[in-house]
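So the structure is just underneath, and the comments pick up after that.
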Amino acid sequence: MSSIANHSRKIAIIGSGIAGLSTAAFLHQDGNDVTVFEGFETPSPIGAGLLLQPTGLAVLAMLGLDEEIISLGSRIDQLYGRAIHSSRTVLDVEYGDFKEGLFGVGTHRGTLFSALYQLALNSGIAIRTGIQIQSIDSDHVVSEQGDQIGPYDLIIDASGSNSTLRDQYADVAINRQYPFGALWSTVVLPDTQFKSNLLDQRYRNAYNMVGILPVGTLDHQNRAAFFWSIENCKYENWRSQELELWKKDVLEVWPETEDIVSQFNKHKDLTFATYRDVRLRKVYAGHTVFIGDAAHCTSPQLGQGANLALVDAMILSKYLRGFDNLEEGLKQYAQARKSHVRFYQIASQWLTPFFQSHSWFFSKARFFTCDLMCHIKPARFIAAQVLSGTKTGVFGTLNPGDWSKKYDCR
Ligand SMILES: Cc1cc2nc3c(=O)[nH]c(=O)nc-3n(C[C@H](O)[C@H](O)[C@H](O)COP(=O)(O)OP(=O)(O)OC[C@H]3O[C@@H](n4cnc5c(N)ncnc54)[C@H](O)[C@@H]3O)c2cc1C
């Protein structure tokens, strides 16, 4: 496979999220003529925090953005979680158990979005905002107003978990919503009780979870993403109940969060997010390819979605660069991404009921799996390897050090 683009392609990317913007940057670098279409007039990130893994950081390094994201974010060395009442440890994973010096980064979504958006603007990539793409007509994209825009050699659907284009054009194997979602907010992190290098969680059985993910400095203050797990069908009820009642409930699960919970004055201070499990039999159809959440949405238990999207972007550009024949490039791309994506889809799906369900069995089973994980060295190694985003199967791994030496995991 040659490493230089043999010819420039005209490419439309639908969606200016993490997948869309990073793909635009790579394809533009390769000399393609790229246009990004975004439904919102003013593109902005939705949600609070993200945990970036060594895989995602290695891709950001290739775009020259990792140092900026690390310096503005919070280095995360460990994920820890404890059950209330029993005080037993349920989650304890340290990146260092996989490789010394390895870490993740807690970042505010806005920080990552701004870095990618600014890169796209500075590179001169065309970003057309306020255009909701409704359909694809052969080699044209069609806006909500019925405008046909094109022709394009390639159309990339990066329109996220609720992609309507995927539902129209992809061969979808699974597309279902998880019964639990989360309430999210960005809060000021009190220095006293919370460590800046720890994603910390507390659980009431498997149906309540409170989490704090430090996300670095914003407006000169240390910040964190706060999240509270909630069943989707209970969201309306939560909105209509007094906020103070809910705050009491949170404090029952985790009393030390008082200085955080006191920052919420109205329901609108929190954002409700739902998750989907989306799997495609084939990630391309004709001259359209699906990437990021549009192709493989997962629950966020393993903190991988944005990282998978970044890896998609880099690998897609590699195969488009390497093959003059578009169909062959897309076929090779699909093959190259299959095992990595599949592993995290299945692992996230399996893990979800342990943390977000009504199951008594799963809430108790966590203790045994955690005991195993905490006390057996090879189990700690594997757990950290999974977290770092490098698994491609039970025995298979990839090494982000192949993309950027700084994130070598050998
Ligand atoms: C609560 C929660 C917590 C998470 N935590 C983590 C984490 O810790 N680590 C991690 O790696 N991942 C995490 N994720 C997952 C991560 O947020 C997603 O995987 C990632 O944002 C996917 O990026 P994307 O670019 O594919 O989609 P998105 O970021 O959703 O971007 C899609 C873009 O497309 C635009 N768009 C949609 N439809 C159209 C259209 N028809 N025409 C034009 N534009 C359109 C949208 O406006 C949007 O800008 C979390 C997700 C949730 C919900």
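Points to keep in mind about this one:
- Checked against the criterion of being in a loop (DSSP other than H, G, I, E, B), exposed (fewer than 14 other Cβ atoms within 10 Å of the Cβ) and modelled with pLDDT of 75 or more, segment 395-408 has at least one qualifying residue.
- Which listed residue, of Arg82, Arg75, is in contact (Cβ under 8 Å) with a residue 60 or more places away in the chain, of a type in the set (Lys, Arg), out of contact with any Ser or Thr (no Cβ under 6 Å at 6 or more places or on another chain) and in a strand (DSSP E or B): Arg75
- Test for Gln263: is it more than 14 Å from the ligand (Cβ to nearest atom) and either surrounded by fewer than 20 Cβ atoms within 10 Å (Cβ to Cβ) or touching a residue at least 12 places away in the same chain (Cβ under 8 Å) (or both): yes
- Residue tally, condition under 19 Å from Ser196 (Cα atoms) and either in contact with a Pro (Cβ under 9 Å, 6 or more places away or on another chain) or among the small types (Gly, Ala, Ser) (or both), over segment 54-74: 5
- With respect to (1) more than 20 Å from Val289 (Cβ to Cβ); (2) touching a residue at least 60 places away in the same chain (Cβ under 8 Å); (3) more than 22 Å from the chain's Cα centre (by Cα), the lone exception for Gly181 is condition (3).
- Filtered residue count, segment 43-67, keeping only those that are over 27 Å from Val187 (Cβ atoms) and within 11 Å of the ligand (Cβ to nearest atom): 1
- Screening Phe40 against (1) within 12 Å of the ligand (Cβ to nearest atom); (2) among the aromatic types (Phe, Trp, Tyr); (3) part of a strand (DSSP E or B) leaves a single unmet condition, (3).
- Residue within segment 191-198 that is within 15 Å of the ligand (Cβ to nearest atom), in contact (Cβ under 8 Å) with a residue 40 or more places away in the chain and within 21 Å of the chain's Cα centre (by Cα) present: yes
Table: residues versus (1) among the charged types (D, E, K, R); (2) over 28 Å from Leu320 (Cα atoms).
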position: Glu94; (1), (2): yes, yes
position: Gly124; (1), (2): no, no
position: Gln132; (1), (2): no, no
position: Asp139; (1), (2): yes, no
position: Tyr152; (1), (2): no, no
position: Ile155; (1), (2): no, no
position: Gly160; (1), (2): no, no
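- Any hit, segment 228-240, residues being within 10 Å of the ligand (Cβ to nearest atom), surrounded by fewer than 23 Cβ atoms within 10 Å (Cβ to Cβ) and farther than 30 Å from Ile13 by Cβ: yes
- Pick from segment 24-39, criterion touching a strand residue (DSSP E or B) at 6+ places or on another chain (Cβ under 6 Å) and either without any contact (Cβ under 8 Å) to a residue 24 or more places away in the chain or closer than 21 Å to Gln132 by Cα (or both), ranking: surrounded by the fewest Cβ atoms within 10 Å (Cβ to Cβ): Asp33
- Of all residues in segment 158-174 being over 17 Å from the mean Cα position of the chain (by Cα) and not in a helix (DSSP H, G or I), the one that is surrounded by the most Cβ atoms within 10 Å (Cβ to Cβ): Ala170
- Among the residues making up segment 378-410, none is in contact (Cβ under 8 Å) with a residue 60 or more places away in the chain and more than 19 Å from Pro54 (Cβ to Cβ).
- Test: residue in segment 122-136 that is buried (at least 21 other Cβ atoms within 10 Å of the Cβ), outside any loop (DSSP other than H, G, I, E, B) and more than 10 Å from the ligand (Cβ to nearest atom): yes
- Just one of the listed residues (Ser87, Ser8) is among the hydroxyl-bearing types (Ser, Thr, Tyr), more than 15 Å from the ligand (Cβ to nearest atom) and more than 26 Å from Trp184 (Cα to Cα), namely Ser8.
- Check on Lys318, surrounded by fewer than 16 Cβ atoms within 10 Å (Cβ to Cβ), of a type in the set (Lys, Arg) and farther than 23 Å from Ile136 by Cα: no
- Reported count of residues in segment 203-214, each being modelled with pLDDT under 95 and either part of a loop (DSSP other than H, G, I, E, B) or in contact with a Gly (Cβ under 7 Å, 6 or more places away or on another chain) (or both), is 4.
The values are calculated or read from the model by the stated rules, or taken from the named source; none is laboratory data. Keep in mind that this is a model prediction, so the values were computed, not measured. Virtual Cβ from ideal backbone geometry, glycine too; neighbours counted across all protein chains shown.
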